[in-house]
Structure formats: structure tokens, C-alpha cells
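See below for the structure under consideration.
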Amino acid sequence: MKKRNNSFFILAMAVLLPLLVFSILASITFGNADISIKEVYSVVIYKLFHIESLNTFSDAVHDVVWLIRLPRVLLAVAVGMGLSVCGVIMQAVVKNPLADPYVLGISSGASLGATLAIMLGVGAFLGQNSVGVAAFLGAMGTSFAVMFISSIGGRSNAGKLILAGMAVSAVCSAFSSFVLYIANDKNAMSQVTFWTMGSLAGAKWSKVAVVLPIIIIGTLLFWTQYRNLNLMLLGDEVSITLGTDLHKVRNMYMILSSLMVGFAVYAAGMIGFVGLIIPHAIRMLFGTDHMKMIPLCALTGAIFLIWSDVACRIILPNSEMPIGILISIIGAPCFIYLMVRRSYGFGGDKS
């Protein structure tokens, strides 16, 4: 059975890797600008390999493909990968399949940090990275607040965790709205829309150059920690019996997850439920072994967000739907389904 599962995992990776490459190449052909497929790929190949014979496109086509579409697709890869992997990690840390950055309020904390940096100049001494650092600090602070509140009066459980996440999320959203109100900025409404609905429209190569490496490095680091993550599903008592104290490891994982979520929110605003939908789907197909879950969730999350963004660009003629709305339409029913199920398997237990 184990050999069969490993073969299934290798087959899935062999399918998902080419599918990710295909998704990146195919998605850059979609957009409001009427650009032929030949022109799109001429720009990409020319910029990558500097083949002068392909330099037959206009400056406008170059700017749309190279400066708008491709960075947007790569940002979708980074954000989808980061949120999916962080969902897996948070579910293991709190031993709860209902955990994800959005449900636990961590995205709201990151959004509050980013709002303080943009509107009030908090952390301005950090330069152009101040928004990302502020979003990270907001995400980290919120994650620890949710874990602390849910543990008051006894061990954390699914209900307390979700209620704590909702409460902290409401507080962060209220403070964000308050900051936007007192700032008295006419552009505040667009800022609110960006952070609460999520969008990849602000993608730039400078953002991709910061966010994508952080997400990839974080994902690879978590992949090396699959044994500890598997132990977390068995509980602290079992892990201590096996000679491993997971308390410090758990805090380290939450900090790294907060870093990844913070930069994802900084780059694309609040995009909910990705960290819930993808890990749950992968777990149903491949089980709870994190050696398999982390790479599969990373690839699937990236592909999912790429095509979600494409759908947002083509659903409404001559307009663009915020990606957070579309994913919430998909994710909220999935969340309700998990909540109302009589029991669900997770880490060998039934909750």
C-alpha cells in the first residue's frame, strides 16, 4: 500500500509540475488588451533569450505582456503557493483542519499592519520594504493573539479557535477602518477595497522579486520539517515520549508562516480560504503525510490562484472582479461543509 501511495505521489508531481508551467504560459495570453498569442510569446522569448529576429512587437505590447501580465501571473504563483502551504502548517500547529490564515484572522492582522504603514507611515525608516515588514508584524502578532485567546480557560479546540480568530479579525478590521477614516484621504476607499477584496492588479517585478523568493524558501524549509509536522498531528504527549519537544518548533513555524502570509497580503491584499480549500483537498486524496502534502499543496495552490485570477479577468466584460470575492464564493461553502460534517479525519483522530 505504501509503495502504491508513493507511486501516486510521484505521478501527481509529474502532472502538477508541467501543469504549473503550462498555466503560467497559457494565462499570460488572457487579458483585456487584444494581443495575439504569437505576439505574447515573441515578447517573452525575446526578453528571456534576446533573439533579435523576434523583436517585431510594439512598445505597448511589450509593456502589457512583460510589465503587467507576466509579473501578475508570477505573483499569483507566489501568493497561491504561500497561502496554501501556510494553511497546511497552521492546521498542523493547532491540530485542526479548519485553520487557515483567513479564518484565524491572521490575514486581517497583516492587512492592519500594511494599512498602518501606508496611511500613517509606520515603519517608514525601513524604506520601500516598510509595508511588507509591517504586514509581517501584524500577521505574527495576530497569530499569537489567536492562539493565546483560544487557550484561555483550557486547551484550544475547533470552536474556541474559530471564535478567537473571528474576534481578532473583527478588531483588526475595525482598527483598519478607523485609521482610514482619520487619515481623511480621498483614496482611502480604494485602499480599503484593495486590502479587503484582494487583487493581483498591483503586481510589479519589484514585488515579485521580494515575495516569490521568500515564499519558495519558506516552502522548502517547511518541506524539510515534515517529520516534526507529522509529530504535531499525534499530539505533544506522543512527541515528548519520542524525545521531541515541539513547543519551540511550533513558535518558529508560526513566525515563518506569519512572514509568508504577511508578504502575501502586502502584495495582493486579503485573499481568503486558499489555505483551507487546497490542504483539505490534498489531504483527502493523499493523506496527512506532510512530506507529500507540502509540495502538492504548493503546486496546486499556485495553479488554483493563476486560473482564479484568469477567471476574474474574463467573467465580467471590460472589467475585473476582485479575486478575493471569487475565492470566497468558492471557499465559504467548503468551510461550511467542514463545519457541519459530523466528523472528519485528521491526524488519525476524529473531531
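The values are calculated or read from the model by the stated rules, or taken from the named source; none is laboratory data. What you see is a predicted model; the values in this text were computed from it and never measured. Neighbour counts are summed over all protein chains in view; Cβ atoms, including those assigned to glycine, are modelled from backbone coordinates with ideal geometry. Note: accessible area is taken over every heavy atom of the protein model, side chains too, but ligands, DNA and RNA are not part of it. Shrake-Rupley method; radii C 1.70, N 1.55, O 1.52, S 1.80 Å.
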**OP:** Please work out the FRET efficiency for the pair HIS247 and TRP205, using the Cβ-Cβ distance as r and a Förster radius of 35 Å; give the result to the nearest 0.05.
**Re:** 0.30
Subject >> Estimated inter-spin distance, ASN187 and HIS50, nm [label 7 Å along Cα→Cβ] >> reply: 3.6
**OP:** Let me know the number of lysine pairs in the chain closer than 22 Å at the Cα, not counting same-chain pairs under 8 apart.
**Re:** 11
Original post:
Ordering THR300, THR115, THR196 by how much accessible area each has at a 1.4 Å probe, largest first, what is the list?
Top reply: THR196, THR300, THR115
Subject >> Derived scalar couplings ³J(HN,Hα) [the range 324-337; Karplus, 6.51 cos²θ - 1.76 cosθ + 1.60; whole Hz; x for Gly, Pro] >> reply: x, 5, 4, 6, 5, 4, 7, x, 4, x, 5, 5, 4, 4
Original post:
When ligands, DNA and RNA are left out and all protein chains stay put, how many square angstrom of accessible area per residue does the chain have with a 1.4 Å probe?
Top reply: 47
Original post:
How large is ³J(HN,Hα) for each residue in the range 303-316, as worked out from phi by the Karplus curve 6.51 cos²θ - 1.76 cosθ + 1.60 (θ = phi - 60°), to whole Hz, x for Gly and Pro?
Top reply: 5, 4, 6, 4, 6, 5, 5, 4, 4, 5, 7, 10, 5, 9
Original post:
Can you work out the FRET efficiency for the pair ASP59 and GLN128, with r the C-beta to C-beta distance and R0 = 35 Å, to the nearest 0.05?
Top reply: 0.85
Subject >> Relative contact order computed over the range 57-168 (Cα-Cα under 8 Å; 6+ residues apart), in percent >> reply: 23
Original post:
On the first, second and third principal axes, largest extent first, how far apart are the outermost C-alpha atoms of the chain in Å?
Top reply: 67, 59, 37
Subject >> Built amide H within the under 5 Å cut-off of VAL103, gap 5+ >> reply: PHE273
Subject >> For the range 61-135, average projected area of the Cα convex hull in nm² >> reply: 6.4
Original post:
Taking the range 239-320, how much of its Cα-Cα pair set, in percent, is spaced more than 14 angstrom apart?
Top reply: 75
Subject >> Percent of alpha-carbon pairs separated by more than 15 Å within the range 38-78 >> reply: 37
**OP:** Would you grab the residues whose amide H sits under 5 Å from the one on PHE30? Only those 5+ places off in sequence or on another chain, please, with H modelled 1.01 Å from N.
**Re:** none
Subject >> Cβ-based charge dipole, the chain, positive-most Cα from ILE303, LEU276, SER111 >> reply: LEU276
**OP:** May I ask you to give the percent of accessible area on the chain that is carbon plus sulfur, with a probe radius of 1.4 Å?
**Re:** 68
Subject >> Unit charges on C-beta of K, R, D, E only; dipole of the chain, Debye >> reply: 920
**OP:** List the relative contact order of the chain as a percent without decimals, with contacts defined as Cα pairs under 8 Å and 6+ residues apart.
**Re:** 28
